[in-house]
1. Write down the percent of antiparallel bridges among all DSSP beta bridges whose residues are both part of the chain, to the nearest 5.
2. Quick one: which residues, 5 or more positions from E113 or on another chain, have an amide H under 5 Å from its amide H? H modelled 1.01 Å from N in the peptide plane, none for Pro or chain starts.
3. Just need the Rg to Rh number for segment 172-234, please, alpha carbons only, Kirkwood Rh.
4. Can you list, largest first and rounded to whole Å, the semi-axes you get for segment 104-187 by taking the square root of 5 times each eigenvalue of its Cα gyration tensor?
5. Taking the alpha-carbon distance from K54 and a cut-off under 22 Å, which lysines remain once sequence neighbours fewer than 8 residues away in the same chain are dropped?
6. Please give, to one decimal in nm, the separation of the simple spin-label points placed at N207 and K149, each 7 Å out from Cα toward the Cβ.
7. So which trypsin sites (Lys or Arg not before Pro) in segment 1-59 pass both tests, a DSSP loop state and at most 12 other Cβ atoms within 10 Å of the Cβ?
8. Using Cα atoms only, what is the angle between the long axis of helix 166-176 and the major principal axis of the chain, expressed in degrees (0 to 90) to the nearest 10?
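FYI, it's all coordinate maths here, none of it is from the lab. All figures in this text were calculated on a predicted structure; none of them were measured in a lab. When we count neighbours, we look across all protein chains shown, and the Cβ atoms used for this are built from the backbone with ideal geometry, even at glycine.
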Amino acid sequence: MNIYLVKSYLSYLLKSKYKKGYGLHSPFVFNLVRDLIGDSHRYYVFESVKAYRKQLMKSKQVISMSDYGAGSTEFNKKERRVSELVLKSSIHPRYGELLFRLANHFKPNCILELGTSIGISTSYLARHNSSSKVYTIEGCENTAAFASKTFKSLKCRNVNQIVGQFRDVLPELVSSLNQLDMVFIDGHHEKQATIDYFNICLSKAGNDSIFIFDDIHWSQGMHEAWKIICDHPKVTVSLDLFQIGIIFFRKECQKQNFVVSY
Ligand SMILES: C[S@@+](CC[C@H](N)C(=O)[O-])C[C@H]1O[C@@H](n2cnc3c(N)ncnc32)[C@H](O)[C@@H]1O
């Protein structure tokens, strides 16, 4: 059991508030919390992804994965069941559905994801609008190959897969894009790496861009990375939903950090 995570969760339970937006003065954050974070509408895509996950849960297929060791400097080969990847590595439906709602609301033209795995979170991001472009990076070739089957099954035709280590492929990819409207960072959960990826992506962030970080309280290092990112002068609003953190760069908003019940 990750004791750090348990302690962080207890602290989050004590600090989190603003259910349904109550107590929020910023109209932007109020609408976001009430209408998006608190939205219970079931979109068609939610059921498609749910059914696909259910199908994979029954699969006996095994993927020979190149798993990153500590520091992400070397690969260790590991056999992982697809069903285990659905359960342990893929985004929980609750958060995947929130990714979809955020994309559906903010209508990003260009989305970048770090950490495709078998393609579940990518599918939520891709299905809001087939004319948006989704770039997703995965270091493990076999996992990326499986993800491409996910995209076919879930009819995500706007996904561009990049296979390679983040540090090798991210700088060139980011410099080739005009603007990053939405970024989801869900891989290589270490303090310095997370800050480095944030800084690279920041170079293409616009006023209305939205960046989302997964596992912000997974370790002391990730917690520190999250704090450093929230304190960055270009970041105005930050929302801590425990599992994920969301940041905005809107100059019209006052700088403030919110710990929101979700
Ligand atoms: C938590 S999983 C991503 C889950 C996925 N976003 C989802 O919710 O469906 C993280 C993925 O990032 C990949 N990864 C981790 N560190 C990486 C790195 N430095 N470069 C490239 N890929 C990496 C892993 O192989 C793994 O598949």
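1. Antiparallel bridges make up about 40 percent of those DSSP assigns within the chain.
2. Under 5 Å from the amide H of E113 lie the amide H atoms of Y135, T136, I137, F184, each far enough along the sequence or on another chain.
3. Ratio value, two decimals: 0.96.
4. 18, 17, 9
5. Here the lysines satisfying the reach criterion relative to K54 are K88, K149, K152, K155.
6. It works out to 4.7 nm between the two label points.
7. R42, K58
8. Result, in degrees: 70.
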